[in-house]
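Engineer: Next up is a structure, given as structure tokens.
Just so you know, all these numbers are worked out from the coordinates, no wet-lab data involved. Everything numeric here is computed off the predicted structure, so don't read it as measured data. All Cβ positions, even for glycine, are placed from backbone atoms using ideal geometry, and neighbour counts span all protein chains on display.
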């Protein structure tokens, strides 16, 4: 193992964040900024017929009010996907800055710009709108009915997209004599990301160029989307991303940056700020797709699958955002994690009058694992098999190759992680101890596997650019377009760069903030791509910089280039290991030479045409109070194979965060809507039951380090996978404790009451 990679280095941003010195978007905003308040529609579906702003404009401090009748009709996409030069692969352009056609309760119809927040709030409350109300639909399958209200003319039947997978002959295989049929419907909820920092952005003009500062995961993509929304060349827009207080995929969309850029354009270039309130973040940013999944498995008495079928119905909400990618990825996991020769699959992404669903940590896999792993336990129960031992039989084997992505399972990871998880939670003993319980309070243990791939190739472009600059003191400045969003990637990047160049970690200075005017191109933070994708560019660029340094060293030391190396920040003669000079000495000599002054730098782009599997599992122990319909989580263990750990401490922190998110997904979190009006009922952190420290036992993260052969540092997906399996593991523990299969997440008391009553326990 190298000197820097694999060590739990202190985060490079630790002291600034702990001391409050780190500057976020709001910290960088001048007090002279005009503030805004967006006017949201109080109907779930309708057409704005008129707007009366006269009374609102009389409020002192109001600068201007813009309505849906004022904005340009440049439809633009918002999803944070790489741009495709092929129109068939481009994101759906269905958004306007403000809309006349209201498609969900809270849609953006007008915006007030004022000198202060009080004036903006008062004026927004006085904007009078008249609507033609239309019927609305919230349920995904009801939206597909012929008589359902239509949201977008271009999508009849409210169907954004439908994809299918077919292998073998499902119909013929399902008729094999002696098969056991197991069927289930599994529902996951609409949830929100709940990052600490709400979305905020500012914009001003210098000359004819617009500078936007934003809490975004995707600065280069936001620049392009702003250009599309305003109908101006992309080079006229500059995006700055400072420190960001979490995103989890919510900020992998262009949210209000296009509107903010347009406002400054209308106001003579003045500084304008849009700062979302928490209630707006819940509804007017993005949410996780609620997905209803139907699975049928035809199983032989020996446990082998004869045929399997899956149908996924993804509730997209009102606008396309990331659209069908979520349901398609979830369905794609189905034939891989448990291979079967005869499979049918259909995924439908459907518009409804709910808030737009977009990217969220796991990108369809938490929904897929809830359905698939719940179903696997249902199959094991139908066969009378232990769920762990049954998964040993049917889970993806070593050597499996996906025909589409060409991903290969190089190790017997599933069985390795199950072994570690079983030992950690004492699975066998507890399973025996909890058998045949009859009391009102019962305990159970359960588990679930997860599958995840790394980055987006071959679905979309995967590339990373990096710039390195040698400073006069021998330290190195490093820039990439891949963004730090709180997950610690700047620290991992510094460790990888140090190893690639041959200098100590302390001599690497990561430029954390991205500025599209100077930062090399990168698509941002998403798809668990940072260390995997960034590693290629860092290794390549570090090698180029090292080569240029050693070329200069050969001239200064009069040695053969082939006999020189750079190690620990020193020029070393390979033949005898002698240190010839320090890198600081070389840098000073080269930069200030009166005969041959040089600026030593390197920049390169690496296009990645690989992908990698990341695997793991969660084991959970619960106590279920049947009369109270409550689940108490007693113990939980996550075991993860994410390849070589770049920084074990950061890895453990990532897993803990994902486990917490998964616990909430399984037990408490759900964004609720009034069926009569479409109004969100709990769009705040008081009423929305976010999982907290009080709901958690001690979170345990374990790792199996199987180095990924396609990765320059042996690493692969880490950030998202830990959120994918806790919820179904808890569900399966409840099944073990009570014998009741609860198929609707989250397992709140009212959901458990219905399930327990139907099962005869109440």
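Engineer: As a footprinting exposure proxy, order 47, 608 by other Cβ within 10 Å, with the fewest listed first.
Structural biologist: 47, 608
Engineer: Based on the alpha-carbon gyration tensor of the stretch 157-290, what equivalent-ellipsoid semi-axes (square roots of 5 times the eigenvalues) come out, in whole Å, largest first?
Structural biologist: Each semi-axis is the square root of five times an eigenvalue, giving 44, 18, 12 Å.
Engineer: Moving on. Compute the whole-percent fraction of alpha carbon pairs in the stretch 410-534 spaced more than 17 Å apart.
Structural biologist: Percent of Cα pairs beyond 17 Å in the stretch 410-534: 69.
Engineer: log₁₀ I(q)/I(0) of the stretch 317-413 at q = 0.25 Å⁻¹, via Debye over equal Cα point scatterers, no solvent, to two decimals?
Structural biologist: -1.36
Engineer: Can you tell me which of 426-436, 498-508 comes out highest on packing, and rank the rest after it, using the mean Cβ neighbours within 10 Å?
Structural biologist: Descending mean neighbour count gives 498-508, 426-436.
Engineer: Then there's this: In square nanometres and to one decimal, what's the mean projected area of the convex hull around the Cα atoms of the stretch 1-84?
Structural biologist: 12.9 nm²
Engineer: Another one. Evaluate the relative contact order of the stretch 252-371 (contact order divided by residue number), counting alpha-carbon pairs under 8 angstrom at least 6 apart; express in whole percent.
Structural biologist: With pairs under 8 Å counted, the relative contact order is 29 percent.
Engineer: A follow-up question, please. Quick one: divide the alpha-carbon radius of gyration of the stretch 289-356 by 2.2 N^0.38 Å and tell me what you get.
Structural biologist: 1.29
Engineer: Whole number please: convex hull volume per residue of the Cα set in the stretch 59-123, in Å³?
Structural biologist: Normalising the Cα hull of the stretch 59-123 by residue number yields 131 Å³.
Engineer: What does the convex hull of the Cα atoms come to per residue for the stretch 629-709, in Å³?
Structural biologist: With only Cα atoms used, the stretch 629-709 gives 144 Å³ per residue.
Engineer: Another question about this same structure. Debye sum, Cα scatterers, the stretch 321-370, no solvent: what log₁₀ I/I(0) at q = 0.21, 0.31 1/Å?
Structural biologist: -0.77, -1.28
Engineer: Could I ask something else about it? Rounded to the nearest 500, what is the 222 nm mean residue ellipticity of the chain from helices alone, with -39500 (n - 2.57) per DSSP H run of 4+ residues and division by all residues?
Structural biologist: It comes out at -8500 deg cm²/dmol, rounded to the nearest 500.
Engineer: I've got another one for you. In angstroms, what radius of gyration and Dmax does the stretch 483-535 have, counting Cα atoms only?
Structural biologist: 11.3, 30
Engineer: Just want to confirm a number: the relative contact order over the chain, from Cα pairs under 8 angstrom separated by 6+ residues, in percent.
Structural biologist: 15 percent
Engineer: Relative contact order (percent) for the stretch 566-642, with alpha-carbon contacts under 8 angstrom and 6 or more residues of separation?
Structural biologist: 18 percent.
Engineer: Continuing with this model, one more query. Give me log10 I(q)/I(0) at q = 0.17, 0.21 Å⁻¹ for the stretch 248-328, Debye formula, one equal scatterer per alpha-carbon, no solvent.
Structural biologist: Listed by q, the Debye log ratios stand at -0.84, -1.02.
Engineer: Can you order the peptides 21-27, 684-690, 333-339 by their average number of other Cβ atoms within 10 Å per residue, highest first?
Structural biologist: The peptides rank, most packed first, as 333-339, 21-27, 684-690.
Engineer: Using Cβ counts within 10 Å as a stand-in for footprinting exposure, how do 222, 590 rank, fewest first?
Structural biologist: 590, 222
Engineer: Using the 2.2 N^0.38 Å rule of thumb for compact globular proteins, work out how the chain stacks up: its C-alpha Rg over that value, please.
Structural biologist: Scaled against compact globular proteins, the figure is 1.00.
Engineer: Could you order the peptides 517-529, 668-680, 259-271, 533-545 from most to least packed, using the average number of other C-beta atoms within 10 Å per residue?
Structural biologist: Packing order, densest peptide first, comes out as 533-545, 517-529, 259-271, 668-680.
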